[in-house]
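The values are calculated or read from the model by the stated rules, or taken from the named source; none is laboratory data. These figures come from a predicted structure and were not determined experimentally. Here the Cβ positions follow ideal geometry from the backbone for every residue, glycine too, while neighbour counts run over all protein chains shown.
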Amino acid sequence: MILYAFFSNLNNRDRTRAPKGDAMTTTAIPMWVQEMQRDNINDEIESIHLRLLEDKKYCAYLHAVYDAQAIEGSLAADNVMAAMMIRDAARTTGNAKLADEKLGIIVNALNVVLRHHGDSRKQRCNMIGGQIMPEYRSEEREP
């Protein structure tokens, strides 16, 4: 109900006021937005990812850019193994939010973190001399 009230009110001119009859106050919306930004799973994954970069096994799971290079035989399996290591690290550090998170969610957030740092598999696959090459499209070929 609160989320519906927040999003349905976005089209109104006065976006800071809640609909009449709702228990939500005008200060609850900015606090809610700030809380959602502060509790971003991508930030939590990034902090653990940066710590795990010292682990050779973790880096090996993220190294491959083709299935043939992957330790487990596929990039998807290597992503899951890296996510398991992140979740285990979260458990040992007492991060309750990530300790019970689904592996698929951790993989998605890890991919966001890797893209942010320019280290995603796709970015590295298209890299020459440290520069990311634009993707090749057949319709852009010169005759």
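State whether one or more residues within segment 34-49 are modelled with pLDDT under 65, in a loop (DSSP other than H, G, I, E, B) and farther than 21 Å from VAL113 by Cβ. Scanning segment 34-49 turns up no residue that is modelled with pLDDT under 65, in a loop (DSSP other than H, G, I, E, B) and farther than 21 Å from VAL113 by Cβ.
If a residue counts only when it is surrounded by 11 or more Cβ atoms within 10 Å (Cβ to Cβ) and not acidic (Asp, Glu), which helices (runs of 4 or more DSSP H) contained entirely in segment 88-137 have at least 3 such residues? Full working, then the answer.
Details: elements: 96-99, 103-116, 121-125.
Those helices (runs of 4 or more DSSP H) span 103-116, 121-125.
So which residues in segment 66-82 are of a type in the set (Gly, Ala, Ser) and either under 14 Å from CYS125 (Cβ atoms) or in a helix (DSSP H, G or I) (or both), if there are any at all?
To start, the set of residues in segment 66-82 that are of a type in the set (Gly, Ala, Ser) comprises 68, 70, 73-74, 76-77, 82.
Scanning segment 66-82 gives ALA68, ALA70, ALA76, ALA77, ALA82.
Residues in segment 111-136 that are farther than 18 Å from TYR66 by Cβ and small (Gly, Ala, Ser): GLY118, GLY129, GLY130.
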